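Undergrad: Below you will find the structure I want to go over with you.
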Amino acid sequence: MDKENEKKVEIAENADIAALAGLAETHQFLPDCIYENLPEPLNEIVAQFTGRERDLIFLSSLGVLSCCMPKVFGIYDHRKYSPNLYLFFLAPPASGKGVMSWSKILIEPIHDKVLKDSRQAIKDYKKLEDKESVTKPELQVKEVPANTSGAKFYHHLEYSHDGLLIFDTEADSLSNMLKQEWGNFSDVMRKAFHNEKIAMSRSIDDRFYQIKNPKLSIVLSGTPNQLKPLIDSKENGLFSRFIFYYFDDVLGWKDVSPNAEYVDYDELFTKASKEIYDLYFTLFKHKTDIEVKLTLEQWDKFQDRMIAATDILIRNKKTDFLSVVKRLGVIFFRFCLILTVLRNKTNISINDPITTEFICSDTDMNTAVELIKSLIDHSLFVFDLYNKNSTHLPMLERALHNNLPKIFSRGDGLVIAKDLGFAERTFADILNRWQKLSILRKIGHGKYEKLKLK
């Protein structure tokens, strides 16, 4: 095979990979197909939002709900995983990311009930004359503020009512916990992500913590400047455990007058929280754990896409990002757990000892795949923020840059771009943008020289 035909084959292979991976452009909204057939109450919630707000509400709701599914698990790479997720929304001030706060309402009735029952149990214990024959109850919660002291957090996690949620619109609050000199909260978060046993000894109060199956969900938002105090480098294993959603558009003035189209968000989320409350305590009181499984065909489809994504990284010499992609596989699986339980919530009964597993539907599996397609590029962009000299390109553009010859004409470049799925107008925009990024130089009429990525 001559060199010209070899190059055509390579481009065709990359086109297949790119089409298979279906990677989205950075900063774009999540694709509409994600919202077409969501289980309730997610479907009803997101229907009241559009654009960026819809994405923020959807993802933050997934993060909150990941802490509302006790006794649910799945097997991924020979390990049992709970549904718990870590999310970080990264955007400049005045960008509207605060809308995510509405989703916290979904867990509030559960938190209130757990806290109330726990306080009552402690009160009843104090009234007992014979305390030696009864285990002393500990204060239990479902949600803890990010600015909780490290010692108090470990206590809450050890005695949690099947997991904790940290939810904060200012990432600095959690960063401050990391700075406490006696603790290593970053290590705790890394282990909790994989439900690994956490052991810690403190000489100050002669306290030994041992949490065998920690379950922790985190939903944060902050500005780019608030990221590094929390995760000091992209090599830090904590980075790859987070789902990142990045955008840099600033929200303009919003109609706040009585004439504006009105939706009672408080009522919307309060109604949904009642459904989640019933689901939570039904699962908590269920006689057995419930496993969520994928079919063999679904596993094959998922693995094809992850192989495609890793191939693009390897071909474009971005192997330092591979660990992030691999952990996004775990996150994909957790999306499947959450969506499957919501889809089957009416089939779960406290008195039903038979139901021990659910099979993820193709609909929910495809939704999880589409989510990962979009979120890979968001994570890649945030990953490159740690290197000021790095060129920020979506993965599909990296594939295009890699496939273009050192010197090419606009016409020849367009053929390659179309093979990778780019429209002619998009390719024209890319050429202009790449020149501004100094990774492309115009050397004549309709002729370009490709420069190295930074």
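Undergrad: Counting only residues that are more than 22 Å from the chain's Cα centre (by Cα) and at pLDDT below 90, how many does region 139-150 have?
TA: First, pick out the residues of region 139-150 that are more than 22 Å from the chain's Cα centre (by Cα): 139-141, 148-150.
With at pLDDT below 90 added as a condition, the list becomes 148-150.
Summing the residues that are more than 22 Å from the chain's Cα centre (by Cα) and at pLDDT below 90 in region 139-150 gives 3.
Undergrad: For region 364-423, name all the residues that are modelled with pLDDT of 90 or more and acidic (Asp, Glu).
TA: ASP364, GLU370, ASP412
Undergrad: Residue by residue through region 262-315, note down the ones that are in a helix (DSSP H, G or I) and among the acidic types (Asp, Glu). Before the answer, list the steps.
TA: Just the residues of region 262-315 that are in a helix (DSSP H, G or I), to begin with: 265-285, 296-315.
Within region 262-315, ASP266, GLU267, GLU275, ASP278, GLU297, ASP300, ASP304, ASP311 meet the criteria.
Undergrad: Being farther than 14 Å from ILE107 by Cβ and surrounded by fewer than 17 Cβ atoms within 10 Å (Cβ to Cβ) is the filter here; which residues of region 135-150 pass it?
TA: Selection gives THR135, LYS136, GLU138, LEU139, ASN147, SER149.
Undergrad: Moving on. Please go through (1) under 24 Å from TYR277 (Cα atoms); (2) under 13 Å from the mean Cα position of the chain (by Cα) for ASP364 and return the number of the only condition it doesn't satisfy.
TA: Unmet condition: (2).
Undergrad: Okay, next question. Regarding ILE443, is this residue open to solvent by 30 Å² or more (accessible area, probe 1.4 Å), among the hydrophobic types (A, V, I, L, M, F, W, C), assigned to a loop (DSSP other than H, G, I, E, B) and over 21 Å from TRP299 (Cβ atoms)? Steps first, answer last, please.
TA: Numbers: open to solvent by 30 Å² or more (accessible area, probe 1.4 Å): yes; among the hydrophobic types (A, V, I, L, M, F, W, C): yes; assigned to a loop (DSSP other than H, G, I, E, B): no; over 21 Å from TRP299 (Cβ atoms): yes.
When the stated conditions are applied, ILE443 does not pass them.
Undergrad: Filter region 314-355 for residues that are farther than 30 Å from ALA399 by Cβ, hydrophobic (A, V, I, L, M, F, W, C) and open to solvent by 10 Å² or more (accessible area, probe 1.4 Å) and give the result. Talk me through it step by step, then tell me what you get.
TA: In the first step, residues of region 314-355 are kept if they are farther than 30 Å from ALA399 by Cβ; the result is 337-338, 340-355.
So of that shortlist, the ones also hydrophobic (A, V, I, L, M, F, W, C) come out as 337-338, 341-342, 348, 350, 354.
Across region 314-355, the qualifying residues are ILE348, ILE350, ILE354.
Undergrad: From the set of residues in region 36-87 that are open to solvent by less than 10 Å² (accessible area, probe 1.4 Å) and of a type in the set (Val, Ile, Thr), which is nearest to PHE239 (Cα to Cα)?
TA: Checking each candidate, the answer is VAL64.
Undergrad: Output the qualifying pairs, or none if there are none: Cβ atoms under 9 angstrom, residues six or more apart or on different chains, first residue in region 222-247 and closer than 17 Å to ILE372 by Cα and in contact (Cβ under 8 Å) with a residue 60 or more places away in the chain, second residue small (Gly, Ala, Ser) and in a loop (DSSP other than H, G, I, E, B).
TA: As it stands, the answer is PHE239/SER233; TYR245/ALA91; TYR246/ALA91; PHE247/ALA91; PHE247/SER95, since those pairs meet every condition given.
Undergrad: State which residue is modelled with the lowest pLDDT when the search covers only region 151-179 and only residues that are part of a loop (DSSP other than H, G, I, E, B), open to solvent by less than 70 Å² (accessible area, probe 1.4 Å) and not small (Gly, Ala, Ser).
TA: So, considering only residues that are part of a loop (DSSP other than H, G, I, E, B), open to solvent by less than 70 Å² (accessible area, probe 1.4 Å) and not small (Gly, Ala, Ser), the one modelled with the lowest pLDDT is THR169.
Undergrad: Which of the numbered conditions does PRO93 fail, given that it passes all the others? Conditions: (1) open to solvent by 50 Å² or more (accessible area, probe 1.4 Å); (2) modelled with pLDDT of 95 or more.
TA: (2)
Undergrad: Just checking, how many residues over region 276-290 are out of contact with any helix residue (DSSP H, G or I) (no Cβ under 7 Å at 6 or more places or on another chain) and either farther than 11 Å from VAL341 by Cβ or free of Cβ contacts under 8 Å to residues at least 40 places away in the same chain (or both)?
TA: 8
Undergrad: Answer yes or no: is there a residue in region 102-118 that is closer than 30 Å to LYS228 by Cβ, assigned to a loop (DSSP other than H, G, I, E, B) and open to solvent by less than 30 Å² (accessible area, probe 1.4 Å).
TA: Checking region 102-118: not a single residue is closer than 30 Å to LYS228 by Cβ, assigned to a loop (DSSP other than H, G, I, E, B) and open to solvent by less than 30 Å² (accessible area, probe 1.4 Å).
Undergrad: Still on this structure: Could you please let me know if LEU337 is part of a helix (DSSP H, G or I), more than 22 Å from ARG190 (Cα to Cα) and in contact with a Pro (Cβ under 9 Å, 6 or more places away or on another chain)?
TA: Numbers: part of a helix (DSSP H, G or I): yes; more than 22 Å from ARG190 (Cα to Cα): no; in contact with a Pro (Cβ under 9 Å, 6 or more places away or on another chain): yes.
No.
Undergrad: So, one more: Going through region 316-326 one residue at a time, which ones are in a helix (DSSP H, G or I) and touching a helix residue (DSSP H, G or I) at 6+ places or on another chain (Cβ under 7 Å)?
TA: Our first condition is that a residue be in a helix (DSSP H, G or I); within region 316-326, this holds for 319-326.
Passing the criteria: THR319, PHE321, LEU322, SER323, VAL324, VAL325.
Undergrad: In addition: Being open to solvent by 20 Å² or more (accessible area, probe 1.4 Å) and either closer than 16 Å to VAL64 by Cβ or at pLDDT 85 or above (or both): is that true of TYR265 here? Steps first, please.
TA: Details: open to solvent by 20 Å² or more (accessible area, probe 1.4 Å): yes; either closer than 16 Å to VAL64 by Cβ or at pLDDT 85 or above (or both): yes.
Here the answer is yes, as TYR265 does meet what is asked.
Undergrad: What are the pairs with Cβ atoms under 7 angstrom where one residue, in region 438-454, is of a type outside the set (A, V, I, L, M) and the other, located anywhere, is surrounded by 16 or more Cβ atoms within 10 Å (Cβ to Cβ) and in a loop (DSSP other than H, G, I, E, B)? Sequence gap at least six, or different chains.
TA: That search, which allows pairs on different chains as well, returns SER438/LEU451; ARG441/LEU451; LYS450/LEU404; LYS454/THR391.
The values are calculated or read from the model by the stated rules, or taken from the named source; none is laboratory data. Since this is a predicted model, take the numbers as computed values, not measurements. Methodologically, a virtual Cβ is constructed for each residue, glycine included, from the backbone with ideal geometry; neighbour enumeration extends over all protein chains shown. Heads up: the accessible areas ignore ligands, DNA and RNA and are worked out on the full protein's heavy atoms, side chains in. Shrake-Rupley method; radii C 1.70, N 1.55, O 1.52, S 1.80 Å.
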